[in-house]
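*Asks:* Here's a structure for you.
The values are calculated or read from the model by the stated rules, or taken from the named source; none is laboratory data. A quick note: this is a predicted structure, and the numbers were derived from the prediction, not measured. So basically every Cβ, Gly included, is an ideal-geometry build from the backbone, and we count neighbours across all protein chains shown.
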Amino acid sequence: MSLRTYFRLFTHIQMLPILESGEETLVGGQAVIEGVMMRAPHSYCVAVRKPGGEIVTEERPLARMSEQYRIFKYPILRGVGTLYQAMSLGLKALKFSANAILDAESQPPNNPKKKSSEVSNWAISLNLIFSLAFFVFLYKFIPLYTVTTLEKWYPVLQGRIAFNAADGLIRIAIFLAFLFGVSRLKDIFRVFEYHGAEHKVVFNYESGRPVNIQNAQTFTTFHPRCGTSFLLVVMIVSMIVYTFVPFSGFGMKLVSRIVLLPFIAGISYELIRFAAKRRGSFLAALTAPGLWLQRITTKPPSDDQAAVAIRALEGAMALEESQGGELVIA
């Protein structure tokens, strides 16, 4: 496997929370390498366009976390369960898309029987471990260490509110810099185009109009249930939650930030869920910065990219209907 492939996998794993929109009762999706994954309540489909133009798909049933484990029916916990499933599903979809592209790249025209390359499970696991370590270092360790150092010179930062506000602002600045940096890469720019295609097709479906390329292209690429909005809300909520953490030592503060991640994610999920259903409410204002940020993480797709997103939705819908599933429109 090439270094470029490893880098693409690493970058995609870092952006999984940005590119996915996990929700049990609604149609949602995620951009992958040269494609889109769409999910319905009990099924999903990944559609990827190979370099030659062929669209390959993978459709599988998907049980809800709340149906498998009753504990995930309750507020906050349902967010933790849904997000865990969304991340797990995102990794499967990412692996399928990477394998589809590798298969096409490893099949020369003069030797179609050559054994295709494939992303191994250990490669995904290694990327995931490294990505999680990178996430903790970049968004937890660096902001905390920076503010801990600054408070020695600026006593105003010694208060919990000022300390955690500064910590949160540094974290957001790092996040914005990371987004802007990766958006300049050609491979990631194409992912953001597929991200835009996913949003347009979801909007098309939710509108009740026939889902086709012409209709989908009339919708915006900015969607309130996008992972970009979610991750920004997580950062804002974390600033508030950390203010109530009583620890003063650097080590305990760092550990508490890691341990509290599921709780903060669960609260953020509930806020995003509420805001998506009540777009004129005060809480909906929390998602506004995320919608602005989607100017970076989503790009207008081509008709071919929209067609891939539609194929993914059709595959998920067909499997959902074959299982007797009933879809809910927001």
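*Asks:* Report, by residue number, each residue of the stretch 28-85 that is part of a strand (DSSP E or B) and among the basic types (Lys, Arg).
*Replies:* ARG39, ARG49, ARG60
*Asks:* Kindly state which helices (runs of 4 or more DSSP H) lie completely within the stretch 152-227 and contain at least 3 residues that are free of Cβ contacts under 8 Å to residues at least 12 places away in the same chain and farther than 18 Å from LEU16 by Cβ.
*Replies:* 160-183
*Asks:* Which of the residues spanning the stretch 63-84 are surrounded by fewer than 17 Cβ atoms within 10 Å (Cβ to Cβ) and free of Cβ contacts under 8 Å to residues at least 60 places away in the same chain?
*Replies:* Answer for the stretch 63-84, where residues must be surrounded by fewer than 17 Cβ atoms within 10 Å (Cβ to Cβ) and free of Cβ contacts under 8 Å to residues at least 60 places away in the same chain: ALA63, GLU67, GLN68, TYR69, ARG70, ILE71, LYS73, TYR74, TYR84.
*Asks:* Is it the case that SER116 is touching a Lys or Arg at 6+ places or on another chain (Cβ under 7 Å), modelled with pLDDT under 85 and either in a loop (DSSP other than H, G, I, E, B) or of a type in the set (Ser, Thr, Tyr) (or both)?
*Replies:* So SER116 does not fit the description; no.
*Asks:* Something else: Quick check on this structure: which one of ARG4, ARG70, ARG78 is at pLDDT below 85 and basic (Lys, Arg)?
*Replies:* One residue alone meets the criteria, ARG4.
*Asks:* Turning to a different aspect of this structure: Taking ALA166 as the residue in question, decide whether it is under 20 Å from GLU34 (Cα atoms) and among the small types (Gly, Ala, Ser).
*Replies:* no
*Asks:* Name, by its number, the condition in (1) modelled with pLDDT under 90; (2) more than 13 Å from the chain's Cα centre (by Cα); (3) of a type in the set (D, E, K, R) that does not hold for ARG60.
*Replies:* Status for ARG60: all satisfied but (1).
*Asks:* Quick one: in the stretch 228-254, of everything that is β-branched (Val, Ile, Thr) and not in a loop (DSSP other than H, G, I, E, B), which residue is surrounded by the fewest Cβ atoms within 10 Å (Cβ to Cβ)?
*Replies:* It comes out as ILE240.
*Asks:* A further question follows. Out of (1) modelled with pLDDT of 85 or more; (2) within 30 Å of GLU151 (Cβ to Cβ), what's the single condition that is false for PHE222?
*Replies:* Checking PHE222 against (1) modelled with pLDDT of 85 or more; (2) within 30 Å of GLU151 (Cβ to Cβ), the one that fails is (2).
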